[in-house]
1. List every residue pair whose Cβ atoms sit under 8 Å apart, with the two residues 6 or more apart in sequence or on different chains, where the first one lies in segment A:223-245 and is away from chain B (no Cβ under 14 Å) and in a loop (DSSP other than H, G, I, E, B) and the second, anywhere, is surrounded by 14 or more Cβ atoms within 10 Å (Cβ to Cβ) and of a type in the set (Ser, Thr, Tyr).
2. Hey, among the residues in segment B:208-234 that are among the hydroxyl-bearing types (Ser, Thr, Tyr) and away from chain A (no Cβ under 14 Å), which one's surrounded by the most Cβ atoms within 10 Å (Cβ to Cβ)?
3. Scan A:376, A:287 and give me the residue that is over 20 Å from the mean Cα position of the chain (by Cα), of a type outside the set (Ser, Thr, Tyr) and not in a helix (DSSP H, G or I).
4. Kindly evaluate residue A:322 against the criterion of being surrounded by 16 or more Cβ atoms within 10 Å (Cβ to Cβ), among the aliphatic types (A, V, I, L, M) and at negative phi.
5. Please name all residue pairs, on different chains or six or more residues apart, with Cβ atoms under 7 Å, provided the first residue is in segment B:202-231 and is part of a helix (DSSP H, G or I) and the second residue is small (Gly, Ala, Ser).
6. Could you check how many residues of segment B:262-296 are part of a helix (DSSP H, G or I) and hydroxyl-bearing (Ser, Thr, Tyr)?
7. Would you check if there is a residue in segment B:153-161 being of a type in the set (Phe, Trp, Tyr), touching a residue at least 60 places away in the same chain (Cβ under 8 Å) and in contact with a Leu (Cβ under 9 Å, 6 or more places away or on another chain)?
8. In this structure, does residue B:144 turn out to be crowded, with 22+ Cβ neighbours inside 10 Å and either in contact with a Cys (Cβ under 9 Å, 6 or more places away or on another chain) or closer than 30 Å to residue A:353 by Cα (or both)?
Amino acid sequence: MSIEIGHGSFLRRIAIHTGAGFVPGMNAVVMGAALAAGKLGWELVGIRDGFDGLLHPERYPAGGLITLNPQLIENLDPAAAGLLGQSPRVDPFHVRQIDEDEMVEEVDMSDHVLDRLRAEGIDGLISIVGGQGLSILYKLHRKGLNSVCVPRSIENDIAATMVSFGFNTALSVTIEMLDKARQAAQSARKIAVVEVLGEQAGWNAVLIPEVPCDLRTVAARLKDKITPGRPYGLVVVAEGATLVESSPTQAQPSSLKASLSPLATGDASDHVIKRSGQAAETVARGLQLLIAEETFPLVLGPWVRGGVPTAVDRQLGLCYGAGAVRAMKAGKYGVMVAFQPPDIKFVPLTEAINKVRTVPADSEFIQIARSLGICLGREL
Amino acid sequence: MNQPDNPSALTGTVLNIQRYCSHDGPGIRTTVFLKGCSLRCKWCGNPESIARRPELSYDSKKCTGKKECGVCLKSPFPEGAFYVVEGGADDKVTVNWHLAMDCDEALASLCPTGALEIFGKSMTVDEVLDEVEKDSSFYRNSGGGMTLSGGECLLQPDFSAALLAGAHERGFNTAIETACNVPWRFVEQVLPHVDTVLHDHKLTIPERHKKWTGVSNERILANFKKAYETFPNADFIARTPLIPGINADEEHIRSVLAFIRPYKNVIDYELLPYHRFGLGKYELLGEVYELDDYKTPSDDLVKHLQAIIDEAFGRSGQESEGGE
């Protein structure tokens with residue numbers, strides 16, 4: 001039986017939206033899902049800006065939902081930025097609101113999200129999300145949402161899939177930037193310490209979170225490598241890399257502790273902010289104290305989050321989007337579309353959350369890196 | 001709703017009671033930090049005070065890991081709330097903040113190392129005042145007393161009013177620290193019991209105030225004006241958390257001065273230079289601090305702005321401590 005919704009007769013109406021943070025290739029996922037849904041006679045609508053289009057439709061003159069009709073999809077540039085928009089916070093369990101007394105408060109609007117989906121005749125939701133988003137969608141699924149997730153991660157740290165879309169583009173940009181950093185180091189006759197993405201997994205880096213780094217080991221290798229004929233160095237450190245022992249230059253809590261904060265005068269003041277650039281700064285200054293060479297920190301940070309998706313990410317996104325629709329057709333919910341070579345699988349969300357796809361410290365990848373003469377910061 | 005018939009038994013959510021404070025009003029003071037805030041200032045140094053309810057925190061430095069402990073990985077802790085990253089640098093626990101929301105004081109107390117804690121607890125007025133009473137001799141000698149801070153202490157008006165009235169009954173000077181983003185009825189209920197009102201003028205322009213704190217300042221400024229006029233016997237001290245690039249400029253300082261100087265009971269205007277101490281607490285709560293690269297204001301800038309204030313208060317040429 002077909003139902004009259006949106007632009008015509010459809011057998012079913014499903015929706016797609018994105019989690020917080022930009023990853024190149026979002027449009028490819030939307031295209032894949034729309035094409036596959038169209039083949040089934042389903043209508044696919046996009047929710048603008050995370051859940052905002054659903055929760056606050058009044059903010060959007062053209063409506064909070066975008067009908068992803070064939071004409072729109074035909075003209076959609078898969079290399080362009082995300083059609084659906086973004087929101088910095090996509091968590092319906094903690095929606096920041098201003099109440100009737102003009103006071104800010106975070107409220108649980110998960111029930112409202114489910115009600116709004118029902119009211120719109122949407123009976124399945126494809127979510128393009130990272131690690132945090134998977135947990136949120138898992139909670140919504142437990143509350144009854146027909147949820148299928150597509151993994152996106154420029155750090156490639158989502159478990160249960162060999163690769164998340166966005167990673168290949170980020171890696172390509174990272175390599176391009178490292179080439180430039182090497183040229184800069186070469187011309188300046190210094191050591192460039194480049195911080196790349198990787199909070200918990202080091203697929204983009206050399207000094208990685210999985211292998212605590214001993215700066216003395218790195219310093220010794222640099223001493224060996226830096227010669228009059230090659231008077232420069234390049235160190236690539238993940239933002240989440242850890243040191244075996246504190247760097248001599250690590251920031252110490254100041255004596256100026258008079259503070260608005262009750263705990264700033266207690267133990268908690270010993271915590272330093274983990275911020276972008278901290279790893280590069282710590283390693284660069286630490287190395288400079290250990291060897292008679294000048295170092296300079298560089299931070300790739302947000303530069304690798306944008307850009308035109310690579311062919312791999314476009315292909316992967318298209319595949320994941322269509323795969324999500326196929327999961328719904330098969331009645332599989334509470335799942336994530338995963339690339340587990342040689343096939344695409346639909347894995348339960350419980351297999352993806354609370355896990356991190358780390359670089360195995362005893363893997364052949366590590367051994368190969370060693371055989372290439374790459375110093376990982378520690379002899380294993 | 002609390003029990004208004006028996007004020008000393010009223011309960012509130014208290015974050016911390018800090019003794020021997022010297023920056024939160026006259027003399028030596030005990031500052032009672034209440035939980036809950038109605039603003040979301042991006043520079044906030046007290047993230048643990050923002051939520052109104054008690055909340056979980058996790059300090060990985062205190063965690064001894066799965067091999068030695070692993071208590072939180074099993075029942076009665078919620079399934080999936082805690083996990084260990086296989087192949088990670090160590091076997092310390094990671095919190096899935098989305099699934100750990102239901103962890104309460106009873107559960108957190110099961111953590112043998114204290115890595116899990118709950119920020120905030122329910123206390124009665126008498127319990128708080130008995131704690132404050134311990135330093136009463138210091139208050140007498142220094143002219144100090146009790147200060148209510150937060151969060152926003154006016155968000156718990158029944159509790160705050162009872163605490164302050166109780167403090168007065170015990171002979172303590174009283175002060176509050178407030179941003180005043182509450183309905184006037186809350187202000188009206190609490191301020192009769194306050195000797196000194198330390199109040200924040202964070203930004204002057206409404207749109208910018210909304211951008212950086214979450215709400216416009218129109219109601220806040222209206223509350224300030226009404227408070228100055230309604231409580232002429234209270235001392236008001238204006239304050240500005242001074243953040244370069246946001247509000248650390250002459251224009252803001254002069255705007256605040258223009259606002260407060262007509263009122264004789266606004267006795268001072270203090271600058272609180274932005275700092276980053278304790279901001280690692282965001283990590284303890286699984287949150288992200290948004291002002292990543294903001295610097296503390298230079299001494300020269302603080303001195304320059306302080307000189308403008310001193311001049312307005314007729315203190316030109318005098319030494320001034322200028323904030324914290």
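The values are calculated or read from the model by the stated rules, or taken from the named source; none is laboratory data. All values derive from a computational prediction rather than experimental measurement. Note that we place each Cβ from the backbone using ideal geometry, even for glycine, and neighbour counts take in every protein chain shown.
1. Correct list of pairs: A:226/A:232.
2. Initially, segment B:208-234 is screened for residues among the hydroxyl-bearing types (Ser, Thr, Tyr), giving B:213, B:216, B:228, B:230.
If we keep only those that are away from chain A (no Cβ under 14 Å) too, we end up with B:228, B:230.
Numbers: B:228: 20, B:230: 14.
Here the answer is B:228.
3. None of the others qualify; the one that does is A:376.
4. The answer is yes for residue A:322.
5. Close Cβ pairs (under 7 Å, with a partner that is small (Gly, Ala, Ser)) amount to B:206/B:216; B:209/B:216; B:210/B:216; B:220/B:179.
6. Matching residues across segment B:262-296 total 1.
7. Within segment B:153-161, the subset of a type in the set (Phe, Trp, Tyr) is B:159.
Next, only the ones that are touching a residue at least 60 places away in the same chain (Cβ under 8 Å) stay: B:159.
Next cut, in contact with a Leu (Cβ under 9 Å, 6 or more places away or on another chain) only: B:159.
Among the residues of segment B:153-161, at least one is of a type in the set (Phe, Trp, Tyr), touching a residue at least 60 places away in the same chain (Cβ under 8 Å) and in contact with a Leu (Cβ under 9 Å, 6 or more places away or on another chain), which makes the answer yes.
8. On the way: crowded, with 22+ Cβ neighbours inside 10 Å: yes; either in contact with a Cys (Cβ under 9 Å, 6 or more places away or on another chain) or closer than 30 Å to residue A:353 by Cα (or both): yes.
Spelling it out, residue B:144 is indeed crowded, with 22+ Cβ neighbours inside 10 Å and either in contact with a Cys (Cβ under 9 Å, 6 or more places away or on another chain) or closer than 30 Å to residue A:353 by Cα (or both).
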